[in-house]
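The values are calculated or read from the model by the stated rules, or taken from the named source; none is laboratory data. A quick note: this is a predicted structure, and the numbers were derived from the prediction, not measured. Virtual Cβ from ideal backbone geometry, glycine too; neighbours counted across all protein chains shown. Note: areas computed on protein heavy atoms with side chains; ligands, DNA, RNA excluded. Shrake-Rupley method; radii C 1.70, N 1.55, O 1.52, S 1.80 Å.
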Amino acid sequence: MLLLIVLDPLGNVPVFSSLLRQVEPARRKRVILRECGIALVVLFLFLAFGGGFLKLVGLSQSSLGIAGSIILFMIALRMVFESTEKVFGGLPQGEPFIVPMAIPMLAGPSALATVILFTTREGISTLGAVGAISIAMGVTCIVLLLGERIIRLVGERGLAAMERLMGLLLTAIAWRCFFGV
């Protein structure tokens, strides 16, 4: 459940929709499936090798959490305060590939830190962690695939309100991750 909250599929619907506007409608589902698959592989790799990688480069879980919270806070501010520049301004035209959808929107610092926590917690087996990651990513993928329907249901104003609300929630999550309160 914790990983599902961190992946925030409903909060990612408006961002994914915005990023996929330049992609022809017939390809959008394939792009979403591909990006969710890439994020799933990255999460599995971090489950297997993340703790060792952090030790190798001399980083702690705290530093990963701080970096993730700063990035999350910057994204959240752009979501809350309307700007002429989109959340991920300056991206190349065309179909997104890996950045920013798979990484950092899905397999971002917060999700990677959560997966690493799975390896350090007693009582969570590797098989249990693989199952939790698979279920959370499966639910996320389904919500993102239904994103256009969700947007039609809530409308443009509802979508803008939802994006700002998710941005506000992201600022609170970033604050909590950074300061631990």
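With springs only between Cα atoms under 10 Å apart, run a GNM on the chain and tell me which of Leu168, Leu56, Leu117 wobbles the most. Judging by the Gaussian network model, the answer is Leu56.
What does the charge count near Arg28 come to, summing +1 for each Lys or Arg and -1 for each Asp or Glu among other residues with Cβ under 15 Å from its Cβ?
Every neighbour counted, the sum reads +3.
Taking the alpha carbon gyration tensor of the chain, multiplying each eigenvalue by 5 and rooting it gives semi-axes of 27, 19, 15 Å, largest first.
What's the carbon and sulfur percent of the chain's accessible surface, probe 1.4 angstrom, rounded to a whole number?
On the chain, the fraction of accessible area on carbon and sulfur atoms equals 68 percent.
Using a Gaussian network model of the chain in which every pair of alpha carbons under 10 angstrom is joined by a spring, one finds that among Leu47, Leu59, Leu127 the greatest mean-square fluctuation is at Leu127.
The overall shape of the stretch 1-71, judged from the alpha-carbon gyration tensor, is prolate: a/c is not under 1.5, and a/b is greater than b/c. For the options Ile32, Ile124, Ile70, a Gaussian network treatment of the chain with springs between C-alpha atoms closer than 10 Å singles out Ile124 as fluctuating the most.
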